[in-house]
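Before any comments, here is the structure.
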Amino acid sequence: MLNVIKAFAFALSANIDNLAIGVSYGMKKITISSKINIIIAILMSVITCFTMIVGKSISSFFNIEMINKIGAYALIIIGIHLFISECKDKHTEESQKELSQITFKNILLVILTLSTNNIATGIAASMISINIFFTFIFTIIFSFLMLYIGNKIGSNILNHKIEKYANIISAFIIICLGVFQII
């Protein structure tokens, strides 16, 4: 039972970032479909569990804090890029079409960002012998739920007063997520 509880807690904490990413995309009116969300969740689980499997053997070669910082800086750079893009692009017709659905580029960005953080946590989890099977299952569940809930929250809090600032707020959330990861 302790193995289940540890895997549950680990998967929950490793996927909290998905909530913020989901809010960010929801605020930009980008809908993450269930199909895309399942793909992201499965890939996140595979990446996390793979790092847990190899974590013990490579943990002596890598500094976990360094990997966490790389993930945090990646979030900050992505947020800054989104902010600069928003300042340059004042919602042309092409960008309005893009806002209605998640693009392949967005999917890769989400997977890259979230997997960077899960690599570090996967290595750390392997050091404390968290059960890989339960972690795989819980990671799929929490990755999907956090991204889904965040996306719904982000799309529902959007109103006409903040709609024109949604992309800037979204970029700010991603930058803050990266900064908090560093701290």
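The values are calculated or read from the model by the stated rules, or taken from the named source; none is laboratory data. These figures come from a predicted structure and were not determined experimentally. Don't worry about glycine lacking a Cβ; one is built from the backbone with ideal geometry, like all the others, and counts go over all protein chains shown. Accessible surface is based on the protein model in full, side chains and every heavy atom, while ligands, DNA and RNA are left aside. Shrake-Rupley method; radii C 1.70, N 1.55, O 1.52, S 1.80 Å.
Numerical summary
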item	result
Test: residue in region 54-61 that is modelled with pLDDT of 75 or more and either in a helix (DSSP H, G or I) or touching a Cys at 6+ places or on another chain (Cβ under 6 Å) (or both)	yes
Of the criteria (1) more than 13 Å from N18 (Cβ to Cβ); (2) at pLDDT below 75; (3) open to solvent by less than 40 Å² (accessible area, probe 1.4 Å), which one T135 fails	(2)
Options I130, I119, I107: the member that is at pLDDT below 90 and outside any helix (DSSP H, G or I)	I130
Hey, K6 open to solvent by 20 Å² or more (accessible area, probe 1.4 Å) and more than 17 Å from N151 (Cβ to Cβ) or not	yes
Answer residue from region 11-37, given it is outside any helix (DSSP H, G or I) and of a type in the set (D, E, K, R) and is surrounded by the most Cβ atoms within 10 Å (Cβ to Cβ) among those	K28
Test result for L158, open to solvent by less than 50 Å² (accessible area, probe 1.4 Å) and at pLDDT below 70	yes
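A quick yes/no check of all residues on (1) surrounded by fewer than 16 Cβ atoms within 10 Å (Cβ to Cβ); (2) part of a loop (DSSP other than H, G, I, E, B); (3) modelled with pLDDT of 80 or more; (4) not acidic (D, E):
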residue	(1), (2), (3), (4)
I123	no, no, no, yes
T139	no, no, yes, yes
F144	no, no, yes, yes
I149	yes, no, yes, yes
G154	no, no, yes, yes
I162	yes, no, no, yes
A171	no, no, no, yes
G178	no, no, no, yes
